[in-house]
Amino acid sequence: MRFSRLLGKTLKEAPADADCASHRLLVRAGMIQQVATGVYSYLPLGWRSLKKIEDIIRSEMDNAGSQELMMPSLQPIELWEKSGRMASFDKTLFIVTDRKEHKLALGPTHEEVITDLVRRSVQSYRDLPQLLYQIQNKFRDEPRSRGGLLRVREFIMKDLYSFDVDEAGLDVSYEKMIQAYKNVYARCGLPAVMVEADSGAIGGKASHEFMLIAESGEDQIIYCAKCGYAANSEKATSVKTSETEVKPLAIEEVSTPKMTTIEEVANFLSIKAEQTLKSVFYVADGEIIFVVIRGDLDVNEIKLKNLLKCNDLHMATEAETKEAGLVAGYASAISLKGHRIVGDDSIKLGGNFVAGANKPDAHLKNVNYPRDFKVDTIADIAVARAGDQCPKCDGKLESQQGIEVGHIFKLGTFLSDRLGAYYLDKDGESKPIIMGCYGIGVGRLLAAAVEQSHDDKGIIWPLPIAPFEVCLCPLKVDDPPVMQAAEKLYAELTSGGIEVLLDDRPESPGVKFNDADLIGIPLRIVISARTLKTSSVELKWRREKQAEILPLEGLVDAVRKLVKSGDNG
RNA sequence: CGGGGAGUAGCGCAGUUGGUUAGCGCGCAGCGUUCGGGACGCUGAGGUCGGAGGUUCGAGUCCUCUCUCCCCGACCA
C-alpha cells in the first residue's frame with residue numbers, strides 16, 4: 001500500500017474531550033471515525049488490524065472444532081418473548097418496526113436465534129455436541145458509550161455457542177473454549193488474564209471473563225498473588241474477619257445528634273466502623289429492600305441483585321425512603337416491620353454493634369444478631385476489597401483495573417427449555433440440550449491493545465495485529481536513486497509476503513517519522529542518500545530507541561525472519 | 001435516567017458590554033525554496049455560527065424551545 005493513496009489522514013490534534021489513550025490515538029492515526037454516539041466507522045488502517053484479530057479468532061475457533069455460520073441481525077421479537085429475556089435486556093434492545101407494524105430486535109446477542117436454529121437442526125444425541133460461531137455486528141443501546149471503541153452501541157463480536165448432551169459435555173466444551181481464548185490473546189500479543197465473573201443479563205451458572213490490565217479499564221479485578229484466585233469485583237468474595245470476640249451486653253440508647261454517616265457515628269463514639277451496622281435501602285422491581293451490613297463493608301449490588309433475582313435494582317431515592325417510612329441515617333432492622341430484610345453474613349461476626357435507633361439523632365449500642373433483630377435472608381452481599389483475606393488461601397487480596405475482552409458462560413438448559421431445544425438420548429428419552437456461550441468483543445480488543453501498548457508518540461502495535469508489518473520510508477521521493485531503491489525494495493518485500501506501507505509522500509522526514517510512530521507500525525525501514533552510499537538501509541523497531549543499519553543485500557530475508565519471529569522487542 | 005460540560009471551515013480553537021465584509025493555527029489547492037524527527041515564503045479555496053422561533057434598527061453574541069456530542073455515575077463484549 002502506498003501512503004499517498006491511503007484514505008484517512010493522521011491528525012496532530014485529537015478531540016479535546018477524548019480521554020482514553022486508545023480513543024485519541026485511534027482517531028489521530030486515522031483508524032476510526034465517529035458517526036454517532038457509540039457508533040464508529042473503521043477506516044482502512046483500522047479495518048486491517050481488526051481483520052487480523054478476526055482471522056486469529058477464526059483460526060482458533062476452527063481449531064477448537066467449531067463451525068462458522070452467520071445469523072441475521074434482525075430478530076423477531078417473539079423469540080425474545082419466548083426466552084423470557086426481554087425484561088433483563090430491557091431498554092438495551094434496539095427495536096425496529098417493519099411496514100406491517102411488526103417488531104424486530106436488532107440482535108444484541110444470538111442465543112435466541114441459534115437455539116431456535118439448533119432446535120430445528122438437532123434431534124438426536126448423535127447430532128451433538130456442536131460448537132457454532134459467527135463474527136458479526138451486535139446492537140446494544142447502552143445507557144452510556146465511552147472511550148472510543150471501548151464501549152459502543154454497535155460492535156463487532158465473535159459469539160460462539162456450545163450444545164452438549166450433559167454437564168460433562170459442557171465442561172469439555174467450556175475447557176476447549178478457555179484454551180482457544182488463551183490462544184487468541186496470546187497470538188494477538190496480549191496478556192489477558194482469566195477471572196471469575198458474574199453472568200449478568202445473559203444468565204446462567206459459571207462464568208469467566210478475560211481481562212486486559214489497563215488503567216482505563218471499567219472493571220476491577222480482585223486477585224490473590226499467592227494462590228492465583230482472580231475474580232471481577234462484581235463476583236469476588238473475601239474472608240470476613242472480626243478482631244473482637246464479645247459477650248453480648250444489654251441494648252443502650254445513645255444520643256448522636258446530626259450524625260448520619262458511619263464515619264461520623266464511629267468517630268463520635270470512638271469506635272471502629274466494623275463495630276457498627278449500616279442500613280442501606282434498595283428498590284428491587286418496585287419493592288423496598290432493607291439491607292443490613294457491617295459498617296466497614298459496602299454492599300455489592302450485583303450480588304444483591306442475583307440474590308433477589310430481580311431485573312431492576314437501585315438505591316432508594318429520598319422520596320422512596322420517605323414513603324417507606326424509613327429514617328435515613330438512623331435506621332436499623334430492630335423491630336422493623338413491613339419490609340423484606342437482607343443481611344450480609346458479616347453481621348454474624350462480632351457483636352455489640354452500634355445501629356440506628358429508627359428515630360432522628362439517636363443510635364443503639366450493644367446490638368446483636370440474631371438476639372435483637374432478624375433478617376429474611378442472610379448471604380454474602382459485600383464488596384470484596386484489596387487488603388481483604390483471600391477466600392481460597394491465607395493470602396491478601398489485591399486489585400487492578402481491567403478491560404473485559406472476553407466473557408464465557410455456562411448457560412445450562414434454561415434457554416433450551418424455554419425455546420424447546422430438545423434431543424432424544426440413547427434410550428429415546430427427550431432432554432433439553434445443555435448450552436454455553438462465549439463472546440469476544442473484537443473492536444474492544446483492538447482498543448484494549450492500544451490502551452495496553454502505546455507511548456507519547458502513538459500506538460505500538462503487537463506485530464500480529466498491526467495494520468502493516470513494515471513502514472518503508474524513502475526520505476526524499478524526488479531523489480531518483482532513493483525512490484528507485486525504495487520501489488525496488490517495496491516490490492521485493494511485498495512479493496516476499498511482507499505487508500508494507502510505502503511512505504511515498506513528498507513530506508519531510510519529521511512528518512514521516514512521526515506518522516509512522518503514531519500509526520504504530522512495528523518495523524520502520526528508512527532509505528536515504530546517506531544509507532545508499534553504503535548500499536544499506538536503516539531498520540528500527542517501533543518499540544526500540546536504537547536503529548540498526550542493514551545491507552540491502554539479503555534484506556528481504558532478514559526482514560522476513562524478523563516478522564516471522566514476531567519478536568517486536 | 002441523574003449530575004457536569006460543549007456545539008463557529010475537514011480538524012483544534014478565539015470571537016469583549018449585541019454594531020460593517022466572522023477570525024487564528026493545522027489541514028487542503030497552486031508556485032517556488034527546503035529535506036534524518038511534525039521546514040519556509042507567496043497566492044488561493046473553504047462558514048446556512050447545530051436547528052427552530054423570538055427580542056432588536058441590527059444577533060455568533062440576549063431569551064425560549066429543540067437536536068446532537070463529550071465527561072462522571074447505574075449497565076456490558
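Every number here is computed from the coordinates shown, using simple stated rules; none is lab data. What you see is a predicted model, and the numbers here were worked out from it, not measured in a lab. Here the Cβ is made from the backbone with ideal geometry for all residues, glycine too, and neighbour counts use every protein chain on show.
Pulled fully out, how much extra length does the chain show between residue A:121 and residue A:41, if you take 0.36 nm times their separation in residues and subtract their Cα-Cα distance? Walk me through the numbers before you get to the answer.
Details: separation 80, 0.36 × 80 = 28.80 nm, distance 3.59 nm.
Fully extending the segment from residue A:121 to residue A:41 adds 25.2 nm.
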Taking the dipole of the range A:216-354 about the Cα centre (Lys, Arg +1; Asp, Glu -1; charges at Cβ), the one of A:254, A:231, A:347 that reaches farthest to the positive side is A:347
Low-density loop trypsin sites (Lys or Arg not before Pro), the range A:246-355, at most 14 other Cβ within 10 Å, DSSP non-H/G/I/E/B, are A:258, A:272, A:309, A:337
Averaged over all viewing directions, the convex hull of the alpha carbons in the range A:252-379 casts a projected area in nm² of 7.0 nm²
Computed over the range A:291-442, the distribution of all Cα-Cα distances in 5 Å bins, rounded to whole %, is 2, 7, 11, 14, 15, 12, 10, 9, 9, 6, 3, 2, 1, 0
Lone Cys, chain A, Cβ cut-off 4.7 Å -> A:20, A:188, A:310, A:437, A:471, A:473
About its Cα centre, the range A:468-565 carries a charge dipole, from +1 on Lys and Arg Cβ atoms and -1 on Asp and Glu Cβ atoms, whose size in debye to the nearest 20 is 320 debye
One quarter of the C-alpha convex hull surface, i.e. the mean projected area of the range A:468-565 in nm², amounts to 5.6 nm²
For residue A:330, the net charge from surrounding residues (Cβ-Cβ under 9 Å; K, R +1; D, E -1) works out to 0
Full extension between residue A:318 and residue A:560 adds, at 0.36 nm per residue less the Cα distance, a length in nm of 80.5 nm
Simple SL model, points at 7 angstrom along Cα→Cβ for residue A:11 and residue A:179; separation in nm is 4.5 nm
Pairs over 22 Å Cα to Cα, from A:476/A:540; A:457/A:540; A:205/A:305; A:158/A:305; A:278/A:322; A:82/A:309, come to A:158/A:305
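Quote the FRET efficiency, to the nearest 0.05, computed for residue A:253 versus residue A:399 with a Förster distance R0 of 41 Å and r equal to the Cβ-Cβ distance.
0.55
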Within the range A:504-518, the residues whose backbone N lies under 16 Å from a label point placed 7 Å from the Cα of residue A:530 along the Cα-to-Cβ direction are A:508-514
Convex hull around the C-alpha positions of chain A: the volume in Å³ per residue is 205 Å³
Quick numbers on the range A:144-257, Rg and Dmax over C-alpha atoms in Å, give 20.9, 64
